[in-house]
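*Asks:* Let me give you the structure first, and then I'll get to my questions.
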Protein chains: 6
Amino acid sequence: MVYLTRSEHFNAAHKLYNPAWSYEKNEEVFGKCANENWHGHNYELLVTVKGQPSPDTGFVFDVKKLSNIIKEHIIEKIDHQNLNLDVEIMRGKMCSTENLAMAIWQELVQRLPAGVQLHAIKLYETPRIYVEYFGE
Amino acid sequence: MVYLTRSEHFNAAHKLYNPAWSYEKNEEVFGKCANENWHGHNYELLVTVKGQPSPDTGFVFDVKKLSNIIKEHIIEKIDHQNLNLDVEIMRGKMCSTENLAMAIWQELVQRLPAGVQLHAIKLYETPRIYVEYFGE
Amino acid sequence: MVYLTRSEHFNAAHKLYNPAWSYEKNEEVFGKCANENWHGHNYELLVTVKGQPSPDTGFVFDVKKLSNIIKEHIIEKIDHQNLNLDVEIMRGKMCSTENLAMAIWQELVQRLPAGVQLHAIKLYETPRIYVEYFGE
Amino acid sequence: MVYLTRSEHFNAAHKLYNPAWSYEKNEEVFGKCANENWHGHNYELLVTVKGQPSPDTGFVFDVKKLSNIIKEHIIEKIDHQNLNLDVEIMRGKMCSTENLAMAIWQELVQRLPAGVQLHAIKLYETPRIYVEYFGE
Amino acid sequence: MVYLTRSEHFNAAHKLYNPAWSYEKNEEVFGKCANENWHGHNYELLVTVKGQPSPDTGFVFDVKKLSNIIKEHIIEKIDHQNLNLDVEIMRGKMCSTENLAMAIWQELVQRLPAGVQLHAIKLYETPRIYVEYFGE
Amino acid sequence: MVYLTRSEHFNAAHKLYNPAWSYEKNEEVFGKCANENWHGHNYELLVTVKGQPSPDTGFVFDVKKLSNIIKEHIIEKIDHQNLNLDVEIMRGKMCSTENLAMAIWQELVQRLPAGVQLHAIKLYETPRIYVEYFGE
């Protein structure tokens with residue numbers, strides 16, 4: 001079993017705001033992240049797949065195809081968007097990096113061909129904060 | 001003359017949108033950056049000052065004080081804000097990285113003590129795009 | 001289960017020196033790292049916690065609180081210190097990066113609230129050398 | 001159990017080309033990577049070992065010795081070489097990063113002393129593509 | 001005057017070999033870099049332009065257009081190529097990073113629109129070696 | 001004129017302490033940096049030279065020779081040392097990064113062959129703080 005990782009980049013606006021709470025409660029819990037006028041990030045997304053290298057190619061999976069899958073199903077739908085308003089996979093969810101990583105997993109896990117397993121989503125919100133999700 | 005640089009971090013939402021233009025013209029010129037629901041970035045700000053090292057301290061300027069000046073006058077007013085809506089120094093300006101770097105220069109150049117000159121503002125919008133401004 | 005990581009920075013002086021050995025034996029085993037006048041590093045500390053994201057916040061744990069815990073219990077006690085002379089959690093231990101990572105684990109594991117588990121300590125001694133500890 | 005990682009650097013030329021296939025099939029599968037005149041990369045190699053820190057040294061393994069083992073058995077034989085033509089451990093194999101990581105594992109696993117286990121090979125082909133191999 | 005920089009990536013094979021010299025002289029001067037079977041690098045290319053920000057857009061130059069110019073005139077012709085054999089702008093030249101940076105300048109300087117000046121080419125051969133060229 | 005930069009790494013212990021001042025004054029001015037038990041850093045040193053590329057080699061200067069000059073005259077004398085106690089070029093000076101960069105310039109400027117000029121010393125004290133010196 002070999003693990004292959006591809007990193008892609010997107011940026012987006014979001015806010016952390018629970019509509020079931022008062023404005024004051026949101027301010028208290030989320031601080032500056034609750035700013036009603038939004039803030040944003042450059043996200044760095046690392047997608048790891050695993051499998052047996054093919055004897056014909058030496059590849060677990062063609063990294064160009066992996067890049068294209070990530071771009072088609074994630075980047076094109078999230079990049080330069082507002083996570084709370086524009087992004088289908090975050091509809092009705094708190095726009096935390098944790099929830100975004102899980103939503104990206106759900107979207108990508110069904111897009112990989114037989115013989116290639118999704119292993120991990122690693123998502124940087126800033127260079128000093130990241131989350132990882134392994135599907136369970 | 002020795003040059004001293006301190007890097008600080010902030011993130012913000014913005015859009016590129018010229019109100020004198022039609023929606024279509026904005027879309028044509030700015031593409032995804034014109035998204036009316038905003039997008040955002042992690043900005044990395046590098047501030048360079050220059051001067052003669054003090055014989056007493058060996059410092060051009062105390063880098064802790066430089067950091068505090070940047071935080072008080074820039075980071076606290078921009079971090080987790082919307083550049084178009086919330087940020088005084090960008091009022092009435094296109095929220096490009098070029099204009100933001102120039103506005104940061106104007107704000108900081110007046111905050112440094114005698115003997116220390118502002119030399120450069122370097123502002124990363126993404127890890128692959130940055131602008132520099134030297135005050136003229 | 002989602003994993004959340006926060007990175008913090010500190011720097012410190014140390015030496016590698018086993019007092020049960022002769023000066024010559026220390027030189028032989030630790031080379032330049034045994035320099036009796038000390039050397040030092042910029043350490044980068046990555047702390048990973050794991051848990052279920054809260055339905056209310058989308059957070060495994062508030063990363064600002066995680067940062068504050070790391071700063072209060074680790075950074076304030078280690079930053080700009082001498083690991084051999086000044087740092088309580090290294091008292092009587094060889095000041096290797098391995099032992100420092102384990103000591104940081106012991107200190108932090110008791111500081112996290114219910115529902116949040118410490119998963120990993122990753123500690124860079126230089127950009128090209130790091131250790132990881134998972135508590136067992 | 002503590003994990004210790006050392007990063008080393010090499011660069012090399014290679015191509016992805018399956019001699020059992022036609023030129024056209026190679027072009028179709030490998031695209032630009034099949035360029036018969038070769039292309040190349042700066043590879044970043046991270047080697048992780050694990051073990052119990054020694055009470056005498058605080059080390060899982062002397063990182064200087066680990067560096068020397070990697071340099072003697074891998075870097076000196078691969079750096080500035082052509083992976084397809086010059087490198088013994090890739091003889092008769094497709095020169096994918098997956099296969100190179102596995103070959104480096106096979107070479108290093110037999111070079112470590114008792115009490116130190118090889119845990120992982122992580123190999124960056126570009127800053128945005130890497131593979132990992134854990135020996136099984 | 002504001003300076004705008006865009007970074008792009010390519011990789012290539014090359015060797016350093018002066019055909020006017022003997023094999024032994026090439027070995028003596030270029031060492032491993034003279035390997036007749038080639039070696040290669042991931043190059044990071046930073047292109048800096050300068051100008052006055054437009055009042056309409058806030059841009060010195062549309063960074064997306066700058067990226068497209070670099071990709072069309074440089075990356076598509078160099079990426080995954082052999083600098084000595086495949087690359088028109090290096091024909092008849094020693095394939096040093098110095099010469100490659102100068103050739104990239106010559107190619108790009110004629111591609112920019114009025115009002116935008118090319119300021120610098122910065123070219124990383126490895127993360128620890130780079131050259132800069134300012135056109136004179 | 002082309003500029004060539006080589007980056008090298010060292011680490012060292014130091015403190016900021018002016019012996020002409022009282023302990024209290026040192027604490028007030030230098031804060032944690034005055035810790036009498038020392039602290040330390042991983043320094044990253046970038047040395048830039050400039051010149052005309054040789055028609056025979058394409059080089060401004062052989063980067064391997066530049067690396068060897070830096071290692072022989074700087075790294076071997078500073079790495080794993082105490083800047084205040086062990087390092088000849090800092091004798092009698094405040095051990096600020098500014099003064100260290102200037103001392104490195106003085107040491108290297110006399111070591112380069114004819115036709116190669118020293119252009120800049122850039123010295124990182126931490127990833128977020130650096131100084132530059134151009135010799136005047």
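The values are calculated or read from the model by the stated rules, or taken from the named source; none is laboratory data. Worth saying up front: this structure is predicted, and the values here are computed from it rather than measured. Positions of Cβ are backbone-derived with ideal geometry, glycine not excepted, and every protein chain shown enters the neighbour counts. The area values use the complete protein model at the heavy-atom level, side chains included, leaving out ligands, DNA and RNA. Shrake-Rupley method; radii C 1.70, N 1.55, O 1.52, S 1.80 Å.
*Asks:* How many residues are within 14 Å of chain B (Cβ to nearest Cβ) and either open to solvent by less than 40 Å² (accessible area, probe 1.4 Å) or closer than 17 Å to residue F:18 by Cα (or both) when one looks only at region F:99-118?
*Replies:* Number satisfying all stated conditions: 6.
*Asks:* Now, a different point. Here are some residues: F:96, F:67. Which one is within 30 Å of residue C:77 (Cβ to Cβ), open to solvent by less than 10 Å² (accessible area, probe 1.4 Å), among the small types (Gly, Ala, Ser) and away from chain C (no Cβ under 14 Å)? Spell out the reasoning first.
*Replies:* Numbers: F:67 fails: within 30 Å of residue C:77 (Cβ to Cβ).
Sole residue among the options that is within 30 Å of residue C:77 (Cβ to Cβ), open to solvent by less than 10 Å² (accessible area, probe 1.4 Å), among the small types (Gly, Ala, Ser) and away from chain C (no Cβ under 14 Å): F:96.
*Asks:* Restricting to region E:1-24, what's the tally of residues that are more than 30 Å from residue D:34 (Cβ to Cβ) and either touching a helix residue (DSSP H, G or I) at 6+ places or on another chain (Cβ under 7 Å) or in a strand (DSSP E or B) (or both)?
*Replies:* 4
*Asks:* Now for a separate question. For region F:5-20, does any single residue satisfy the condition of being without any contact (Cβ under 8 Å) to a residue 60 or more places away in the chain and under 22 Å from residue C:85 (Cβ atoms)?
*Replies:* Checked region F:5-20: at least one residue is without any contact (Cβ under 8 Å) to a residue 60 or more places away in the chain and under 22 Å from residue C:85 (Cβ atoms).
*Asks:* Another question, if that's okay. Could you tell me whether any residue of region B:22-31 is touching a strand residue (DSSP E or B) at 6+ places or on another chain (Cβ under 9 Å) and either within 10 Å of chain A (Cβ to nearest Cβ) or at negative phi (or both)?
*Replies:* No, there is no match, as no residue in region B:22-31 is touching a strand residue (DSSP E or B) at 6+ places or on another chain (Cβ under 9 Å) and either within 10 Å of chain A (Cβ to nearest Cβ) or at negative phi (or both).
*Asks:* Scanning region B:25-64 for residues that are part of a strand (DSSP E or B) and open to solvent by 30 Å² or more (accessible area, probe 1.4 Å), which turns out nearest to residue F:32 (Cα to Cα)?
*Replies:* B:50
*Asks:* Just one of C:86, C:56, C:79, C:62 is among the charged types (D, E, K, R), modelled with pLDDT of 95 or more and more than 25 Å from residue C:106 (Cα to Cα); which is it?
*Replies:* C:56
*Asks:* Need pairs with beta-carbon distance below 9 Å; first residue touching a residue at least 60 places away in the same chain (Cβ under 8 Å) and part of a strand (DSSP E or B) and within region F:111-124, second open to solvent by less than 20 Å² (accessible area, probe 1.4 Å) and of a type in the set (Asp, Glu); sequence gap 6+ or separate chains.
*Replies:* Every condition considered, the pairs that remain are F:123/F:98.
*Asks:* On the given criteria, is residue B:93 of a type in the set (D, E, K, R) and either within 17 Å of residue B:5 (Cβ to Cβ) or at pLDDT below 95 (or both)?
*Replies:* Answer is no for this residue.
*Asks:* Scanning region C:119-136 for residues that are open to solvent by 50 Å² or more (accessible area, probe 1.4 Å) and modelled with pLDDT of 95 or more, which turns out nearest to the other protein chains (Cβ to nearest Cβ)?
*Replies:* C:128
*Asks:* Something else: If I filter region A:1-18 for residues that are away from chain B (no Cβ under 14 Å), more than 14 Å from the chain's Cα centre (by Cα), of a type outside the set (Asp, Glu) and open to solvent by 20 Å² or more (accessible area, probe 1.4 Å), do I get at least one hit?
*Replies:* So far as region A:1-18 goes, yes, one or more of its residues are away from chain B (no Cβ under 14 Å), more than 14 Å from the chain's Cα centre (by Cα), of a type outside the set (Asp, Glu) and open to solvent by 20 Å² or more (accessible area, probe 1.4 Å).
*Asks:* Can you list residue pairs whose Cβ atoms sit under 8 Å apart, with the first residue in region B:60-77 being closer than 17 Å to residue F:125 by Cβ and the second being open to solvent by 80 Å² or more (accessible area, probe 1.4 Å)? Count only pairs 6 or more apart in sequence or on different chains.
*Replies:* Listed pairs, sorted by first residue: B:60/B:52.
*Asks:* Can you find, within region A:32-64, the residue that is nearest to the other protein chains (Cβ to nearest Cβ) among those that are within 16 Å of residue D:101 (Cα to Cα) and of a type in the set (Ser, Thr, Tyr)?
*Replies:* Across region A:32-64, the extreme among qualifying residues is A:57.
*Asks:* Can you tell me which residue is nearest to residue B:31 (Cα to Cα) among those in region A:79-93 that are outside any helix (DSSP H, G or I) and open to solvent by less than 50 Å² (accessible area, probe 1.4 Å)?
*Replies:* Among residues in region A:79-93 that are outside any helix (DSSP H, G or I) and open to solvent by less than 50 Å² (accessible area, probe 1.4 Å), the one nearest to residue B:31 (Cα to Cα) is A:80.
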